[in-house]
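See below for the structure under consideration.
The values are calculated or read from the model by the stated rules, or taken from the named source; none is laboratory data. Computed from a predicted structure; not experimentally measured. No Cβ is skipped: glycine too gets one built from the backbone with ideal geometry, and neighbour counts run over all protein chains shown. Each accessible area value is taken on the protein alone, full model and side chains, heavy atoms only, with ligands, DNA and RNA left out. Shrake-Rupley method; radii C 1.70, N 1.55, O 1.52, S 1.80 Å.
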Amino acid sequence: AGMTLTRGIEDEQMEQRRMAAIREGDPMAMYAWKKQQEEQQMSQNTSSDLSGNVHKKPVYKGPPPKPNRYGIRPGYRWDGTDRGNGFEDQVLEALHSKGRKKEEAYKWSSADM
């Protein structure tokens, strides 16, 4: 009802249909087909399962690791052995001591008030 006979270059519905079509001889056809199948399954699963966690990645379940600068969690295959050269520890120590020194200096400067 809302579509006209003439279509412009910005017709999004036509563009989506054109992009979704799987053509013969397309090297990415199998990937596109699998992607369409996954999207259909996700839409079916979403209506019945509201959690949305279909593919859960494995997580490391060992002792807690040492902290690092970026908060990166260890991979699930990590055996818990730190094989670093101590640089990360030095960086974290410098970072925390810098903040501690600033706080201590502020306390000393405002102690007379």
*Looking at segment 78-110, which of the residues that are among the small types (Gly, Ala, Ser) and not in a helix (DSSP H, G or I) is most open to solvent (accessible area, probe 1.4 Å)?*
GLY84
*asked:* Cβ-Cβ under 8 Å, sequence separation 6+ or interchain: first residue in segment 62-91 and among the basic types (Lys, Arg), partner open to solvent by 100 Å² or more (accessible area, probe 1.4 Å). Which pairs?
replied: ARG69/LEU95
_Of everything in segment 8-39, what is of a type outside the set (A, V, I, L, M), open to solvent by 100 Å² or more (accessible area, probe 1.4 Å) and part of a helix (DSSP H, G or I)? Give them in sequence order._
GLU12, GLN13, GLN16, ARG17, ARG18, TYR31, TRP33, LYS34, GLU38, GLU39
